[in-house]
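Notes to accompany the following structure.
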Protein chains: 2
Amino acid sequence: MSRPAPFEQVREELRDREACAFVHVGREDDPTLRYLGRAGRVDGELGVVVTADTSMLLAADAPAAARETFPGDSVLPAGGEIPTGERVGTVLDDLGLDGTVLTPRTIPHDAALYLDEAGYAVASTAVVDDARVGKTDAERLRQSTVQSAACAGMRRAAAVLDASHAHEGRLDWEDAPLTALRLRREIDAAIAAEGMAPGYTAIGVGGEPATPRSETTIEPGQTVVVDLAPQGPDGYHGRLVRTFVVDGDGGWTRRAQLAAEGALDAAIPELAPNGADAVQTELDAEVTAYGFDPSAESGGYGVGLARRERPTLDGGDELPVGTVLALDVRVSNPTEGTVRLADLVAVTEDGGEPLGAFPRSLSP
Amino acid sequence: MSRPAPFEQVREELRDREACAFVHVGREDDPTLRYLGRAGRVDGELGVVVTADTSMLLAADAPAAARETFPGDSVLPAGGEIPTGERVGTVLDDLGLDGTVLTPRTIPHDAALYLDEAGYAVASTAVVDDARVGKTDAERLRQSTVQSAACAGMRRAAAVLDASHAHEGRLDWEDAPLTALRLRREIDAAIAAEGMAPGYTAIGVGGEPATPRSETTIEPGQTVVVDLAPQGPDGYHGRLVRTFVVDGDGGWTRRAQLAAEGALDAAIPELAPNGADAVQTELDAEVTAYGFDPSAESGGYGVGLARRERPTLDGGDELPVGTVLALDVRVSNPTEGTVRLADLVAVTEDGGEPLGAFPRSLSP
C-alpha cells in the first residue's frame, strides 16, 4: 500500500492540532523511535524531533552509525551530563518554536517536565501508534524475511524432535535427555544463522508455562508448544507457533489440533478490512464446533516493531489493509496439555495473506 | 558481596524520603523492571509497586509465567482497556496509601499524570539505578555465563576468518565472498547455541561504522572489529571486543594492537574501589606511550541489565566492589583502520578480575 511517509503523517497531526513539534525520547528498542529514527544499536537515550520544516535524531552514542540509517534531516550528538529530554527542549528553543508540543503518552516523565519548564504545553498524541498499524510494502517485506527465519527455527525444532526417541519414559536426543533448554538452543542457533535475533523463543511442555532456563525434560505423548518471535535487524518481528507431539496416541491432542487448524483456516478469509469482530467470532465458533471451550487467550494481535501491538481483534480496533496480525489459537486441557497454533497474516483488500508457510501437523 | 535485597534498598529509600511507595511502569526490557520484577518475555506494559509492607508486579500478559519468577509478594493481571499507569494508581488506593510516590525519572509521563491526578505527589529517585551498580555474586555469575557465550561467538569469528583466503583482492570463505553479514550470522548462531541472545553483534571493517545488514566484503590486511554484547535470559549482558586482521603486514595495526593491549593490562589493576580516574588515566597514558592519540571513545562503562549503564570512568561515578565494567580501548587512523579491544572486568577489593578470557591477538 502507499501512504504518506511517517514524518508527513506526524506533520499532518501537527497541523490538525496546531502544535509546533512532535517529540519523543527513549531507548533504541522503543518502537516509536525505531519507527521514526530507524537507528538500531545505539547505547543510551535517543531523542527525535519533528517540526513542519525539519526532522532530527539526537543520539547519545554512535551518531555516525545513526547518520547512515536516519531517514530525516539531521543527527545531533546527545548524552553526556545533560539528559536527552533537556537537550530536546534546547533544540526546540534554538529553532525558535513555542506553543504546543505533541508527544506519545509514554514519553519519559522527566522529558515532559523539561519541556513544560521550558514553557511548552505538552499534549499527547497516538499519531505514531496509529501510523504503525498499516504496514507499507517495505515493512511487510521485512516481516516476511524475519518470518522465514521463524520457519527455519521451526524446521530445526521439528528435526530435533523427529530425531528423538523414547528412553526410560522421556525423550532422548543425541544420547542425552532432550530438555526444553536444549531444544531452544538448537532453534535459536537456526534463527541466528538466518541473520535474525531469536529474542523470544518459548517452549511449553505438557501445557506448563515456558520459562527461559527450563530444564524440563519432554515425555513421549506430551504436547510441545514452540513459540517463536524472532526480530530482524530493523526491529520488525515475526511470529510462528506450532505444537508437536512425539509418539502421541492421537485422541485429545489430535482433535485439539484439528480444532485449532480449522479455526485458523476459517478466520483468515474473514480478515477483510474492518472485519475484526468477524475474525474473532470465526476463531471461537470453529473451536466450539470441535467441542472445546474457546480460550480467552485465542485471538489476534498486531505484530511489527513490537512483538505485540495494536490492533487486537477484541479491542474494537480497525484492521486497515496492510495490517500484519498474528492469529493465535489455543486449546487447553489440564490433563492433556495445550495445543497452540499461530500464523502471521497480512490484511489484504479481500481477506488475509499468510506471510511464510509451515505445516501444522502435530507430528514433527 | 552481600547487600540488602533490592526491595529492601527501595524500602530504605522510602523511609529516608518519607514516601509511601515506589512505582515504575514500562516494557519487559526496561532495566528497572527487570531488576525488581525479574519477568522476562511479557508482552505489553508491566508495572511494579513496592511499599513498606508488600511488593507487586502488574503484568499485562503471561501472569502465570511472571508468577514463577517474580521474587516479590504478588503478581496481578493488568492491561486490557486500562493503561498500567492508571491501574497502579488504583492499586495504591486499594492499599489505603497517600503522600509521596517515588519513581525513576523515566517513568512514562502518562503513569506520572495518573498518579498526580489520583492525589499522590510524584518525586523521582535514582535508588534502583544506584542499586544496580554493584553486582551481587549471583548477578556476576550470570554475567560470567553470558560472557562465555561471547567467547564462543568470538571463537567462531576467529575460525571463519582463519578459514578464509585472499581471492581477487578480498577474502573468500566457503567459496563465496566473506561479508560482514555472513560473519555476523556465524557468530550469532554460535552465541544462540549457548542459550544466549546475540542481540547486538557489530562487525566494523577497515574502521567503517558497523551497520546490521552490511554486505561489506573484507579485504586482506583490513582491520575487522568484532563487537559482541550477548544477553542472557535473565537480561544480563556480556561484552567482548576483538580486532582481527587476515594476511596483515604488521606495521600500524601491530603497534595499535600492542597499545590497546598494554592499556587494558595497565588499567585492570587500577580498578580498586573508587579508582575511576586512575583507570581512565592509565588507559590513556598507555595509548599515548605507544605514540597514539588517546581516543575520546576509549574508556569504561558499566554492563548489566543495560548494555551500557552506570558507572562511567569519566563521569565522576564511584566504582564499588562488585561493579562490572567493560574496559574498551580504541586506536584509530583514517587510512589504517581501527583496532579496538574490550574486556569485561569485575571490581574486587584489590583490583579487577576479568570475566572470561579470550586471546587478544590480531591473528585469527
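Since every read-out is calculated from the coordinates, none of them should be taken as a lab result. It should be emphasised that the depicted structure is a prediction, and the values quoted were computed from it without experimental measurement. Backbone-built Cβ (ideal geometry, glycine too); neighbour counts: all protein chains shown.
Among residues other than A:Asp343 whose Cβ falls under 9 Å from its Cβ, what is the net charge (Lys/Arg +1, Asp/Glu -1)? Kindly include the intermediate steps, with their values, before the conclusion.
Details: positive: A:Arg239, A:Arg360; negative: A:Asp328.
Local charge sum for A:Asp343: +1.
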Point to revise | Copies compared at B:Glu81 - label distances in nm, ascending, label defined 7 Å from Cα in the Cβ direction | key: 5.0
Check your understanding: Where the label is 7 Å out from Cα toward Cβ, how close does A:Thr335 come to the same position in every other copy, in nm, shortest first?
Key -> 8.0
**Study point:** Candidates B:Glu139, B:Glu261, B:Glu215, ranked by Gaussian network fluctuation over chain B, Cα under 10 Å, top entry
**Key:** B:Glu215
Review point. So how long is each side of the protein assembly as shown along the principal axes, counting just the alpha-carbon atoms, biggest first, in Å?
Key: 78, 62, 54
Point to revise | Choice from A:Asp284, A:Asp234, A:Asp247 showing the highest fluctuation, given a GNM over chain A with Cα pairs closer than 10 Å | key: A:Asp247
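How much net charge surrounds A:Val246 when only other residues with a Cβ under 10 Å from its Cβ are counted (Lys, Arg +1; Asp, Glu -1)? Intermediate results must be reported in sequence, preceding the final value.
Values: positive: none; negative: A:Asp162, A:Glu219, A:Asp247.
Surrounding charge for A:Val246 is -3.
Given the rule -39500 (n - 2.57) for each run of at least 4 DSSP H residues, summed and divided by the residues of chain A, what is its mean residue ellipticity at 222 nm, to the nearest 500 deg cm²/dmol? Walk me through the numbers on the way to the answer.
Details: 10 runs with 123 residues, N = 364.
-10500 deg cm²/dmol, from helical runs alone.
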Exercise for review: Report, in whole Å, the centroid distance computed from the Cα atoms of the range B:37-103 and the range A:119-195.
Suggested key: 28 Å
Exercise for review: Give the nm distances, rounded to one decimal, from A:Ala118 to the matching residue in every other copy, measuring between label points 7 Å along Cα toward the beta carbon; shortest first.
Suggested key: 3.0
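Percent of alpha carbon pairs in chain B separated by more than 31 Å?
Values: 28303 of 66066 pairs.
The calculated P(r) of chain B puts 43 percent of pairs beyond 31 Å.
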**Study point:** Within chain B, percent of DSSP bridges classed antiparallel, to nearest 5
**Key:** 85 percent
Exercise for review: Could you please tell me the mean projected area of the C-alpha convex hull for the range B:137-354, averaged over all directions and given in square nanometres to one decimal?
Suggested key: 11.3 nm²
